[in-house]
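J.: Before we start, here is the structure in question, set down as C-alpha cells.
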Amino acid sequence: QVQLEESGGGLVQAGGSLRLSCAASGRTISNYAMGWFRQAPGKERDFIAAVSRSGSRTNYADSVKGRFTISRDNAKNTLYLQMNSLQPEDTAVYYCAVGQGTTAWAFRPSADWGQGTQVTVSS
C-alpha cells in the first residue's frame, strides 16, 4: 500500500497561482499513472488531471485545461499540480491518486488516496 501526502494548498486571490505536491511513500509510483481530483463542499469528487507513468502524456478536465499543469518526478516519487489563473470556482479540497493503469487517458483511480489539501480562491 502506498501513502500519499498532498501539500501546497492555501488561500490565494483570483488570478493567482499555487503549486500542489503529492509525496508518495511505501511504494514507488513510477509504475502507475497518477492523477489529481478535487471536491468542493457538497459536491462529488471530480477528476482534474492525470499523467502517464513516464510523464510524457497528460489528460485534463475541460474546466482546468490551459490553466493547470500536471507533472511528476519519479526519482522523487512525487506528483505536482501547477495551478495558474485560479478562480473562486477552483475552491476545493485537492486529492492525488494512484492510477489502476499506466496511461493518463481514461484515468481510473485505485484505492490509494491522500488526505487532501485545501485550496481557497477569494474573489
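The values are calculated or read from the model by the stated rules, or taken from the named source; none is laboratory data. Model, not experiment: these values are computed from the prediction. We place every Cβ from the backbone using ideal geometry, glycine too, and count neighbours over all the protein chains shown. We work out accessible area using only protein heavy atoms, side chains counted, and drop any ligands, DNA or RNA first. Shrake-Rupley method; radii C 1.70, N 1.55, O 1.52, S 1.80 Å.
J.: Would you please give the residues with an amide H less than 5 Å from that of R27, counting only those at least 5 places away or on a separate chain, with H modeled from the backbone geometry?
T.: Residues meeting the criterion, in which the H sits 1.01 Å from N, are Q3.
J.: Please list 3J(HN,Hα) in residue order for the range 24-30, calculated via the Karplus relation 6.51 cos²θ - 1.76 cosθ + 1.60 where θ = phi - 60°; whole Hz, with x for glycine and proline.
T.: Values per residue, Gly and Pro as x: 9, 9, x, 6, 6, 9, 5 Hz.
J.: While we're on this one: Apply the Karplus parameterisation 6.51 cos²θ - 1.76 cosθ + 1.60, with θ equal to phi minus 60°, to every residue of the range 102-112 and state each ³J(HN,Hα) to the nearest whole Hz, in sequence, with x for glycine and proline.
T.: 10, 9, 7, 6, 6, 5, 10, x, 7, 7, 8
J.: With a 1.4 Å probe and every protein chain left in place, work out the accessible area per residue of the chain in Å², rounded to a whole number.
T.: 52 Å²
J.: Could you tally the net charge around T103, taking each other residue with its Cβ under 9 Å from the Cβ of T103, Lys/Arg +1 and Asp/Glu -1?
T.: Details: positive: R53, R57; negative: none.
Residues near T103 contribute +2 overall.
J.: Report, as a whole number in µm² per second, the diffusion coefficient that Stokes-Einstein gives for the chain at 37 °C and 0.692 mPa s using the Kirkwood radius over alpha carbon pairs.
T.: Translational diffusion coefficient: 234 µm²/s.
J.: With 14 Å as the cut-off, how large is the P(r) tail for the range 56-123, expressed as percent of Cα-Cα pairs?
T.: Cα-Cα pairs in the range 56-123 separated by more than 14 Å: 67 percent.
J.: Would you be so kind as to identify which of G15, S122, T78 lies farthest towards the positive end of the dipole of the chain, taking Lys and Arg as +1 and Asp and Glu as -1 on Cβ and the Cα centre as origin?
T.: Of the candidates, T78 comes out farthest on the positive side.
J.: With +1 on each Lys and Arg Cβ and -1 on each Asp and Glu Cβ, how big is the dipole of the chain about its Cα centre, in debye rounded to the nearest 20?
T.: 300 debye
J.: How much accessible surface area, in Å² rounded to 10, belongs to the heavy atoms of L11 with a 1.4 Å probe?
T.: My reading of the accessible area for L11 is about 130 Å².
J.: Restricting the count to DSSP beta bridges whose residues both fall in the chain, what percent are antiparallel, rounded to a multiple of 5?
T.: The antiparallel proportion sits near 90 percent.
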